[in-house]
Amino acid sequence: MTSAASNFAARLASAIGASRVSADPAECTEYAVDEIVPAAVAKPSATEEVAEIVRFAALEKLALIPCGNRSKLEIGMPPSRYDLALDMTGLNQIAHYDPGDLTVGVDAGANFNDLAAPLFKQKQFLPLLVPFYFESTIGGIIASGLDSSLRHSCGTARDFLIGAEFVDGTGRLCKSGGRVVKNVTGYDLHKLLIGSLGTVAVITRLNFRTFPAPPASRSFVLSFSAPRDALVFSNLVERSPIRPASLDLVSPRLIELFVEAEKNSSQPPTAALKGEFPAGSWHLCVSVEGSPQVCERASREFAELAASSTAKPAQFVTLNENEGAGLWHYVSQFISFLLEACPLTAIFKITILPSRLAPLLEQLRALADQASLPYAVLARACGVLYFSLLLPSDEHESLNSASLQPLAEATSAVFSFCTSENACAYLPWCPNQLKRQVNTWGSPRADFGLMRRLKSAFDPQNLFAPGRFL
């Protein structure tokens, strides 16, 4: 904590109200980022209060981190300074919703489920079923930059975020984009907020294009003995008339975690996984959405494709709508299951051209085997790979620099290999101790200089989450 931060809480309370500021150590601990605890917590309930807090922080030279329900605060590097936590959950209203125009505007602190409910009533949805979406705020989902299995058909937030309101590092209220889909005013500066971790601005409101909910869905699971065969079949699906909504490859270890979580759950899904996955196999999980006739046709075409393919699956299972919902629940929340089963896992997110996904995965598996570390994989056919290195369970109790060394060396090897293959890799989740040895953002990229200039333009005093990103 800086010297200027030692007694600022009372002055901030006088500016925005005592009920909006807390310096209670116990409460501040709940907002810790990588074990770094802020001196105070501010809880604005209006955009004007957010701007007032940022102006106060700029005057006092305080470092602040905006947050929601804090489900993803561990993403990124430890902050170099952290004086004030800015809790945005007080801004939680749906500002506007036009079902006929397929647009919705929502405050950044609104819970995702609170937005999904009115959309569901109108048979619409937002494809933001990212990890931790149960407890996530809309602003947190956008700031974390996480994706979902539906990016295969719907794209990422970059494709349906049409506008935003935010507060920059000077406390100025800013707008980008608009509330309608066909908006052509100005630059799409709001796209820079995606994945920014709150380092360039405080998001206050977001405008989205919504999607009509499909009348029916069907899911398929094809099991293969090797990941390369699964990816070959995935390419066949891509070239076929079938238009999957989701197309994800799940490794044997990850499926084992799903089945184990289902056994231990106090509220198992309505349609359980039922052990339909052969042990040791790689599973290509596919969903198709549309009319019942489209789903029936997809079932026939999948069966024909599986029968005629040279990369024949060892097992081909068709799931009904309820069974498919249970499967995709686990796939969408795979990060939380991984972290629950192995809190000290290191989870990479790697993007590469889809055509180079298979050789990349083979080499990553070889690196894990060389380090004698278990691994888990979820790969999206569009070229996004989540690769997890797992510390053995007996290492958890006595974690130190020596026991962490194999993981640190393997992590560095993964980053080095991805750089050589021109793949973009970063480490969203890993043990806090590992961040002292490895930069979670990997090797410096050619565009880092541009990112720093953008950061300086939005946040000239470096108030927002300094050190977390660049």
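The values are calculated or read from the model by the stated rules, or taken from the named source; none is laboratory data. The shown structure was predicted, so the numbers you read here are calculated from the model rather than taken from an experiment. Glycine also receives a Cβ, built like all others from the backbone with ideal geometry; neighbour counts cover every protein chain displayed.
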Name the residues in the stretch 160-217 that are closer than 30 Å to Pro466 by Cβ, surrounded by fewer than 16 Cβ atoms within 10 Å (Cβ to Cβ) and free of Cβ contacts under 8 Å to residues at least 24 places away in the same chain, would you? Gly186, Tyr187, Asp188
Scope the stretch 362-389; condition touching a Pro at 6+ places or on another chain (Cβ under 7 Å) and either under 24 Å from Arg151 (Cα atoms) or part of a strand (DSSP E or B) (or both); matching residues: Ala381, Cys382, Gly383
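Looking at Pro359, Pro343, which one is part of a loop (DSSP other than H, G, I, E, B) and of a type outside the set (Ser, Thr, Tyr)? Let's see the steps before the verdict.
On the way: Pro359 fails: part of a loop (DSSP other than H, G, I, E, B).
None of the others qualify; the one that does is Pro343.
Checking the conditions here, which among Leu360, Leu378, Leu454, Leu407 is surrounded by 13 or more Cβ atoms within 10 Å (Cβ to Cβ) and either under 25 Å from Tyr82 (Cβ atoms) or without any contact (Cβ under 8 Å) to a residue 60 or more places away in the chain (or both)? Working first, answer last.
Working: Leu360 fails: either under 25 Å from Tyr82 (Cβ atoms) or without any contact (Cβ under 8 Å) to a residue 60 or more places away in the chain (or both); Leu378 fails: either under 25 Å from Tyr82 (Cβ atoms) or without any contact (Cβ under 8 Å) to a residue 60 or more places away in the chain (or both); Leu407 fails: either under 25 Å from Tyr82 (Cβ atoms) or without any contact (Cβ under 8 Å) to a residue 60 or more places away in the chain (or both).
The unique qualifying residue is Leu454.
If I ask for residues that are among the hydrophobic types (A, V, I, L, M, F, W, C) and within 15 Å of Pro66 (Cα to Cα), which ones from the stretch 163-205 would you list? Steps first, answer last, please.
Kept after step one, since they are among the hydrophobic types (A, V, I, L, M, F, W, C), are these residues of the stretch 163-205: 164, 166-167, 173-174, 180-181, 184, 189, 192-194, 197, 200-203.
Selection gives Phe166, Val167, Leu193, Ile194, Leu197, Val200, Ala201, Val202, Ile203.
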Considering (1) at pLDDT 90 or above; (2) surrounded by 17 or more Cβ atoms within 10 Å (Cβ to Cβ); (3) not hydroxyl-bearing (Ser, Thr, Tyr), say which one Pro292 fails and leave the rest. (2)
Can you say whether Thr270 is under 28 Å from Ser336 (Cβ atoms), at pLDDT 85 or above and not basic (Lys, Arg), as far as the supplied structure shows? no
Answer residue from the stretch 230-252, given it is among the charged types (D, E, K, R) and either over 14 Å from Leu305 (Cβ atoms) or touching a Ser or Thr at 6+ places or on another chain (Cβ under 9 Å) (or both) and is surrounded by the fewest Cβ atoms within 10 Å (Cβ to Cβ) among those: Arg243
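Test Arg228 against the criterion of being among the basic types (Lys, Arg), touching a helix residue (DSSP H, G or I) at 6+ places or on another chain (Cβ under 7 Å), in a helix (DSSP H, G or I) and touching a residue at least 12 places away in the same chain (Cβ under 8 Å), and give yes or no.
yes
Across the stretch 416-461, what is the number of residues that are assigned to a helix (DSSP H, G or I) and of a type in the set (S, T, N, Q)?
Start the filter on the stretch 416-461 by keeping residues that are assigned to a helix (DSSP H, G or I), which leaves 416-420, 432-436, 448-458.
Narrowing the set further to residues that are of a type in the set (S, T, N, Q) leaves 416, 419-420, 432-433, 456.
Result for the stretch 416-461: 6.
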If Ala15 passes every condition in (1) surrounded by 18 or more Cβ atoms within 10 Å (Cβ to Cβ); (2) over 28 Å from the mean Cα position of the chain (by Cα) but one, which one does it miss? (1)
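Taking the condition touching a Phe, Trp or Tyr at 6+ places or on another chain (Cβ under 7 Å) and not hydroxyl-bearing (Ser, Thr, Tyr), does Leu146 pass? Give the steps one after another, and end with the answer.
Values: touching a Phe, Trp or Tyr at 6+ places or on another chain (Cβ under 7 Å): no; not hydroxyl-bearing (Ser, Thr, Tyr): yes.
So Leu146 fails the test.
Sort through Gly105, Gly90 and tell me the only one that's under 24 Å from the mean Cα position of the chain (by Cα), assigned to a loop (DSSP other than H, G, I, E, B) and not hydroxyl-bearing (Ser, Thr, Tyr).
Details: Gly105 fails: assigned to a loop (DSSP other than H, G, I, E, B).
Every option except Gly90 fails the conditions.
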Would you pick out the residues in the stretch 49-68 that are surrounded by fewer than 19 Cβ atoms within 10 Å (Cβ to Cβ), of a type outside the set (A, V, I, L, M) and either touching a residue at least 60 places away in the same chain (Cβ under 8 Å) or not assigned by TED's automatic domain parsing to the domain that holds Asp114 (or both)? Arg55, Lys61
When residues of the stretch 108-158 are filtered for being closer than 21 Å to Val202 by Cα, among the polar types (S, T, N, Q) and assigned to a loop (DSSP other than H, G, I, E, B), how many remain? 2
Filter the stretch 150-178 down to the residues that are among the polar types (S, T, N, Q) and out of contact with any His (no Cβ under 9 Å at 6 or more places or on another chain), then identify the one that is farthest from Arg243 (Cα to Cα). Thr170
Residue hits (the stretch 115-134; surrounded by fewer than 16 Cβ atoms within 10 Å (Cβ to Cβ) and either touching a Gly at 6+ places or on another chain (Cβ under 8 Å) or over 20 Å from Ala216 (Cα atoms) (or both)) are Phe134
Got a sec? Which of Asn422, Asn439 is at pLDDT below 95, in contact with a Phe, Trp or Tyr (Cβ under 9 Å, 6 or more places away or on another chain) and polar (S, T, N, Q)? Asn439
Scope the stretch 70-87; condition in contact with a helix residue (DSSP H, G or I) (Cβ under 7 Å, 6 or more places away or on another chain), in a loop (DSSP other than H, G, I, E, B) and closer than 12 Å to Val41 by Cα; matching residues: Asp83
Suppose the filter is assigned by TED's automatic domain parsing to the domain that holds Ala298 and of a type in the set (A, V, I, L, M); does Val317 pass it? yes
Got a sec? Which of Leu378, Leu385, Leu390 is touching a strand residue (DSSP E or B) at 6+ places or on another chain (Cβ under 9 Å), modelled with pLDDT under 95 and either in the same structural domain as Leu247 (by TED's automatic domain parsing) or closer than 30 Å to Val237 by Cβ (or both)? Leu390
Could you list, in sequence order, the residues of the stretch 201-223 that are within 18 Å of Pro127 (Cβ to Cβ) and of a type outside the set (D, E, K, R)? Leu206, Asn207, Phe208, Thr210, Phe211, Pro212, Ala213, Pro214, Pro215, Ala216, Ser217, Ser219
